[in-house]
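The values are calculated or read from the model by the stated rules, or taken from the named source; none is laboratory data. Not measured: the values here are computed from a predicted model. Neighbour counts are summed over all protein chains in view; Cβ atoms, including those assigned to glycine, are modelled from backbone coordinates with ideal geometry.
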Amino acid sequence: MAGTAFTRQVGNLPADVTSFVGRRHELAEIRRLLSVSRLVTLTGVGGVGKTRLALRAAFEQHRAFDEVWLADLSGLDDPALVGQTVAATVGLRDQTTGSTVRALSEFLSTRRTLLVLDNCEHLLDAVATLADTLLRGIPELRILTTSRQSLGIMGERVMRVAPLPVPESDGARTLKALERYDAVTLFTERAAAVLPGFTLDDGNREAVATLCRRLDGIPLAIELAAVRLRTLSVDGLVERLDDRYRWLTGGSRTAVPRQRTLHALIDWSFQLLSPAERTLWTRMSIFPGHFDLEAAEAVCSGDGIAREDVLDLLDAVVDKSLLLREEHAGDVRYRMLETLREFARTREPGPDERRALARRHRDFYLRLTGQAAAEWFGPRQVSWFGRLRQEQANLRAALEFCLREPGEAAIGLRMATDLHRPHWLPNSLFIQGRHWIGHMLDADPDRTAARAQGLCTTAWLAFTQGDAAAGEPLLEQARDLARELDDPVSLSQVCLVSGKAAHNRGDFEQAVPLLEEAVTLLTAVGDGFAVATALLALADATGCLGDRARAGELFEQGLALSADRDESWCRAWTLAIFAIHLWRQGDNERATAAAREGLLLGRAFDDRLSLATAVEVLAWILSAEGHHTKAARMLGAADAIARTVGVSTLRMGRYVEQHEECVAALENQLGAKRLARAMQQGGRLTLEEAVAEALGAEPSSEEAEATASAASPLTARELEIAELISQGLSNKEIAAALVVAQRTAEGHVEHILAKLGYTSRAQIAAWMTAQKAEQDGT
């Protein structure tokens, strides 16, 4: 399950969250624990339902938080990437050169956040360190984790997730009594999904009760058993389960009964597969995350499985509930539950076969990244961007294989370098890109053109982050090696990165000749993407030196090149910077059109810095045209967007002066309080709302009313409750007035106290009185 935000997108929750059975007591206990502790860990055996329970708890709690995020760590093997994975999940890009954890702390510190970290058991130390650091620095943060073992840090509350309640062997057997057991309810629901019309009745109640008891109430085991109703009766299921137990007692006597039960059920399902289905299923465990049909055909076929048979075999495995079918951005993908994946890996052949399978997995993703790099500057750009984003877990596994296996680092270097343009760069994954390329360079010291290009690429990433101290020596090494090899591709890239480095540090006199030479060299080697990026930097540097006519020609040349190749990412950036150029010339109409077109293109890549730049220049234009409140809102929105990549608009290089001039002009027109209020309103917009408003949409009347007193940190609902508190209403009376549960009203009051830093209702009442007085004064 990829990183998922619940905020304002409740409908996007996984289906198994909304179709939830029982466990009201456990959910209530999670709520209680989260109210008294900022770190709660759900522990329990695999298959017991920890993930589903955590997701349901998050679903029910989402209104108590500004944001709720889910980070699934099951496909992550490298502890060093835990912080970056969580940062990417919450929408923070690693734009900065500093600590990812520090940037994450700063990013989350402005929000009341619930962070769900799922499947932590194999990364305990890294997750514990991250959780401890975040909790120390973010008072409003709550963390809910799932793990087979507690994190073991101060303040953690652990809740062991027990199996679902099951009927006792000598207990009541009436239908009404059985229906009170969650295990029976779950089996009945899943059975009805498999066998339409199935109901719990007098004829099957004894068998259902026995089955649920024998399965120890483990949700995954119950669901696997229910699938067998396609071919067996409930009585037949019980009989087969008895056979499986007799077989099992001769196996692992040391395993706890609950683990033996789940193992038996999975093994039973495994034994019911055909030989070809078994082979395919065990091979598919090589994928650490979700995957598509193309990957399964390439990696899992051969040695007895024809490529054209993979689809039918895969369909059969999905039908038997041993593989999940999911849709991601309209694409069908498949995923194996971690518990099932662990079992499948125990059924694999020896280490040599496993290594061969891992190599086929690596080879497939090597071809994929190579194709993405080759086609990046063209019409498939958006498609490749989305595809590689979905494949992050598989890309990590392929790169880890290259580091782990002797003699594979050279291939890993090629793969990590190929990922620069279609993945590291547009996703602002600069730290990850430097991490992987750096490791490959260390592992493969051969002096090749691939090494020169890898050095040049990681230098580019360092300069993009503003880390010249690291970038300069890398660039020097790349330059020496490119000259030694006399490789035209490497030499052209060195020239480009040298020019971009000079441009980034504001040395435009040096940047212009370097970038002009780069355009010539890159054109000669046919690198359209690099030509477009060189033209953008050259146009901006030329304009900053005062030759605005020539700069305009260069901007247009870059836009024409992008248009000829039908690409969007370079064009979005070129339009954003071109808009600044046009604004400086006083051509607000063309500047507005350019910035808005850049917004539309950049939105497809979720390119936060490009979007922030476009929104920022639109704020300057609005200010110049007298739309002061709108301009202030856009300044606030631009800053909020930029902070999601760890950058403030106050630190956006040479644009600081223009930003500060705009702020000063708006403060002169609006006054400090109104300016701060409008910027705060803009900062609270979602990305979609900010882009829509920047494109010309008016704020909704509901939003305008909700932010009428936006100098406060409270939501519209919290302001409503604060008003009722100021009128002297109790929590019970507030609940009645708003038609909500008393506990919900109490939760809102607690949040209001926390946000305002108060300890009493009287302080809230006094604060509301002051707010009204301030509004009356304005």
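Points worth noting:
- Qualifying residue in the range 553-560 (condition: assigned to a helix (DSSP H, G or I), over 29 Å from the mean Cα position of the chain (by Cα) and in contact (Cβ under 8 Å) with a residue 60 or more places away in the chain): no
- For the range 572-603, taking the residues that are crowded, with 18+ Cβ neighbours inside 10 Å and either among the small types (Gly, Ala, Ser) or not assigned by TED's automatic domain parsing to the domain that holds residue 638 (or both), the one that is farthest from residue 373 (Cα to Cα) is identified as 591.
- Each residue in the range 299-314 was checked for being part of a helix (DSSP H, G or I) and surrounded by 14 or more Cβ atoms within 10 Å (Cβ to Cβ), and 6 of them qualify.
- The requirement of being more than 27 Å from residue 92 (Cα to Cα), assigned to a helix (DSSP H, G or I) and basic (Lys, Arg) is satisfied by residue 590.
- Applying the criterion of being of a type in the set (D, E, K, R) and within 16 Å of residue 505 (Cα to Cα) to the residues of the range 639-658, the residue that is modelled with the highest pLDDT is 657.
Here's the yes/no breakdown for (1) at pLDDT below 95; (2) farther than 22 Å from residue 619 by Cα; (3) among the hydrophobic types (A, V, I, L, M, F, W, C):
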position	(1), (2), (3)
503	yes, yes, no
518	no, yes, yes
546	yes, yes, no
586	yes, no, no
601	yes, no, yes
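- Hey, residue 117 in contact (Cβ under 8 Å) with a residue 24 or more places away in the chain and either farther than 18 Å from residue 39 by Cβ or touching a Pro at 6+ places or on another chain (Cβ under 9 Å) (or both) or not: no
- If the condition is being hydrophobic (A, V, I, L, M, F, W, C), touching a residue at least 60 places away in the same chain (Cβ under 8 Å) and closer than 20 Å to residue 588 by Cα, then the range 611-647 contributes 611, 614, 615, 618, 634.
- When we screen 400, 405, 391, 375 for residues that are within 26 Å of the chain's Cα centre (by Cα) and either surrounded by fewer than 18 Cβ atoms within 10 Å (Cβ to Cβ) or not assigned by TED's automatic domain parsing to the domain that holds residue 471 (or both), the only hit is 375.
- Of the residues making up the range 144-198, those that are under 23 Å from residue 122 (Cβ atoms) and hydroxyl-bearing (Ser, Thr, Tyr) are 145, 146, 147, 150.
- Across the range 628-638, a minimum of one residue is classified as at pLDDT 90 or above, of a type in the set (S, T, N, Q) and crowded, with 17+ Cβ neighbours inside 10 Å.
- Tally of residues being of a type outside the set (Ser, Thr, Tyr) and under 13 Å from residue 438 (Cα atoms) across the range 456-472: 7
- Listed by position, the helices (runs of 4 or more DSSP H) enclosed by the range 325-429 that each have at least 1 residues that are modelled with pLDDT of 90 or more and of a type in the set (Phe, Trp, Tyr) are 351-375, 381-390, 392-404.
- The range 576-629, residues that are in contact with a Gly (Cβ under 6 Å, 6 or more places away or on another chain) and over 19 Å from residue 682 (Cβ atoms): 581
- From 538, 618, residue being touching a helix residue (DSSP H, G or I) at 6+ places or on another chain (Cβ under 6 Å), closer than 27 Å to residue 107 by Cβ and not aromatic (Phe, Trp, Tyr): 618
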